[in-house]
Structures are given as C-alpha cells and as structure tokens.
Amino acid sequence: MKTLTFAAIDALTQQAEQSPRARMNQNLHTSLDDPIQRLAIAMEPATYIRPHLHCLTWELLTALRGRFVVLTFDEAGVVTDRKVLGDDTSVTETAASVHHTVLSLDPGGVIFEVKHGPYRPFVESDYASWSAPADTPEAAEFMEWVKTAQVGERWAT
C-alpha cells in the first residue's frame, strides 16, 4: 500500500519552502512512464504556475492542505471558470487542451494532482501565448491578479 503521511506532507512543505521555485512534489506513481500520474505538490504562495494546457489529458486537483485558486481561460486569456480549492470546492477537473493556472493562497499549501501519463515536460507551445514567462515582473503581477480575478475578466499586461 502506498501512503502519503502527514509527516511526509510536512517534509514536502519544508522542501518547498527551501526550493528556489517555492514548490516541491512527491510522486505516488513509480515511473514517469506510468499511464496515470499521481503526485502531491507543496506550493508556497510565491510559486508561479504559468498558464498552460495539457493536449492529451485532463487534470484533476484536490487540496490536501491550504487553499488554491484554480482558473481556466479561453484562447484570448479571458477567465472562463474560477474555483478556490480547499474553500468553496473540493476537487476540480480541467479538460484536455484548456489553459489553466493554480495559485497557492496559503503558506504550507499542498495540492494533489492526477492526470494521464507518461510524464511529458512542458514545451513552449503548452504555455498560453498571452502569459508571462517565469521570473519576470509580469509574472509577479499576474499572480497578484489571479488572487481576485473573476470569470469574464482578462489579464492585461
């Protein structure tokens, strides 16, 4: 039996706090080639998840600890849905080929993700063309905007 103990979640959170990207994951799947990827991701509020899509798979998220804003977007960058995992929502599933982002609202937040494998690193075409690359002032501004962005609004750089 595979488990994810509270002690393991605490350790994962500590690793995320030390990470330059402000996040760290622990896989429950045994191989990056597994057909279903299952992982816990500790995410500090400072981590930037650039709006992206997965062409071949849906993505299921649930909060294990803390709250997370999950936004989906149309091709032009207009918010099409907004949920706060750990607050008003327990689980979200984003369809394949839909741009989305996640923002941790709380220090020590841990989210659980499930999606089809095998693991495939992101390529530039997976990212929303209107989104800011990581480590830019625009990315930091985008993260602030995500906290309150509502359906029908559009990110404007």
To the nearest 0.05, what FRET efficiency results for SER31 and GLU153 with a Förster distance of 35 Å applied to their C-beta separation? 0.30
Between ASP87 and PHE122, what FRET efficiency comes out of the Förster formula 1/(1 + (r/R0)^6) with R0 = 30 Å and r the beta carbon distance, rounded to 0.05? 0.60
Please give the calculated 222 nm ellipticity per residue for the chain, where each DSSP H segment of at least 4 residues contributes -39500 (n - 2.57) and the sum is spread over every residue; nearest 500 deg cm²/dmol? -4500 deg cm²/dmol
Nearby lysines by direct alpha-carbon distance to LYS2 (threshold 25 angstrom, same-chain neighbours under 8 apart not counted): LYS115
Going by a ≥ b ≥ c, the root eigenvalues of the Cα gyration tensor, does segment 27-71 fall in the rounded group (a/c under 1.5), the prolate group (a/b larger than b/c) or the oblate group? oblate
Chymotrypsin sites (Phe, Trp or Tyr not before Pro) within segment 1-77, DSSP loop, no more than 15 other Cβ atoms inside 10 Å: TRP58
Answer rounded, prolate or oblate for segment 16-124, using the Cα gyration tensor with square roots of eigenvalues a ≥ b ≥ c: rounded when a/c is under 1.5, else prolate when a/b is larger than b/c, else oblate. rounded
Counting only heavy atoms of protein chains, what accessible area per residue, in Å², does the chain have with a probe of 1.4 Å? 52 Å²
Rounded to the nearest Å, the spacing of the alpha-carbon centers of segment 39-61 and segment 62-138 is 5 Å
How much net charge surrounds GLU93 when only the other residues with a Cβ under 13 Å from the Cβ of GLU93 are counted, with Lys and Arg +1 and Asp and Glu -1? -1
By how many nm would the segment from SER129 to ALA96 lengthen if fully extended, with 0.36 nm per residue of separation less the alpha-carbon distance? 10.2 nm
Want the number for PHE6 to THR136: 0.36 nm per residue separation, take away the alpha-carbon distance, what's left? 43.4 nm
Using a 1.4 angstrom probe on heavy atoms only, work out the carbon and sulfur share of the accessible area of segment 74-150 in %. 54 percent
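The values are calculated or read from the model by the stated rules, or taken from the named source; none is laboratory data. Note that the structure is predicted; figures quoted are calculated from it, not measured. Cβ atoms come from the backbone with ideal geometry, glycine included; neighbour counts cover every protein chain shown. SASA here: full protein model, heavy atoms, side chains in, ligands and nucleic acids out. Shrake-Rupley method; radii C 1.70, N 1.55, O 1.52, S 1.80 Å.
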